[in-house]
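Worksheet: the structure to be examined is printed underneath.
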Amino acid sequence: MTTKVAIVDDHPMVAAGIKAILESFDDIDVVATYSSGQDIIDNAVALAPDVILLDLNMPGMNGLTTIELLLEAREETRILVLSMHDSAEYITTALSHGAMGYVLKDVPTEEIKTAIDTVMTGQRYLCTGAKGSLVPEEGAATRDALTGREQTVLLQLAKGQSNKEVAAALNISVRTVETHRKNIKRKLGISSTAGLTRYAMEHGVLQGTGAFL
């Protein structure tokens with residue numbers, strides 16, 4: 001079976017290099033390369049890539065928002081972050097937002113292929129450098145209870161925004177916000193908006209990222 005791959009990186013030489021590497025494998029078909037998150041979002045459904053190699057730091061729409069919107073548009077696509085950043089914050093936040101793997105740009109070329117093959121089996125993949133940056137933290141299980149999108153919605157709700165205001169801010173439907181709100185309340189065992197606000201304050205929601213301290 002051929003794996004359809006799309007590459008999203010705002011550095012043309014990087015994208016071209018990755019494409020050349022992947023096209024040397026008979027079971028990889030690079031269906032597109034883009035330089036922005038908006039471009040891949042606009043074309044993801046039509047292209048139907050199995051795996052998207054995505055840089056986190058791009059002009060315009062950031063990588064985390066791109067991940068969320070891609071998964072809303074085509075949830076079966078596996079997203080593999082390819083980044084120069086090896087900090088635990090970058091890695092854990094990308095994974096919490098739905099990425100299936102994280103690979104540093106300085107890995108051997110064969111490892112990119114290994115990462116693609118691994119996420120295609122439904123497993124997460126972290127390169128050695130990424131694994132080394134992750135240190136288990138006390139209370140991590142509680143923070144991971146919410147998905148990245150749910151954490152972002154919680155941040156907006158904690159500011160006192162209505163479902164309609166949250167939908168406009170995140171470019172999603174009001175119905176989707178309502179679903180996230182219900183799931184957040186269920187997972188946290190909280191029944192009121194005031195309770196959600198208190199929870200967000202007590203657990204230190206990071207401003208603008210949807211991640212937790």
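Quick notes
- The chain, helix-only ellipticity at 222 nm - DSSP H runs n ≥ 4, -39,500 (n - 2.57), divided by all residues, nearest 500: -15000 deg cm²/dmol
- Pairs of Lys residues in the chain that lie 8 or more places apart, or on two chains, and have C-alpha atoms under 26 angstrom apart add up to 15.
- Of the trypsin sites (Lys or Arg not before Pro) in segment 153-183, the ones in a loop by DSSP (not H, G, I, E or B) with at most 16 other beta carbons within 10 Å are K159.
- Size-normalised alpha-carbon gyration radius of segment 1-104, reference 2.2 N^0.38 Å: 0.98
- In this simple spin-label approximation, E178 and K164 carry label points 7 Å from Cα along the Cα→Cβ vector, and these lie 1.4 nm apart.
- Length added when fully stretched, R198-D29, from 0.36 nm per residue minus Cα-Cα: 56.0 nm
- Accessible area per residue was computed with a 1.4 Å probe on protein heavy atoms; I7 scores about 0 Å².
- Heavy-atom accessible surface of the chain: percent carbon and sulfur, 1.4 Å: 52
- Centroid-to-centroid separation of segment 98-118 and segment 41-74 [C-alpha atoms, Å]: 17
The values are calculated or read from the model by the stated rules, or taken from the named source; none is laboratory data. Model, not experiment: these values are computed from the prediction. Cβ sites come from the backbone with ideal geometry, for glycine too, and all protein chains shown count toward neighbours. When the accessible area is computed, the model is the full protein with side chains, heavy atoms only, and any ligands, DNA or RNA have been set aside. Shrake-Rupley method; radii C 1.70, N 1.55, O 1.52, S 1.80 Å.
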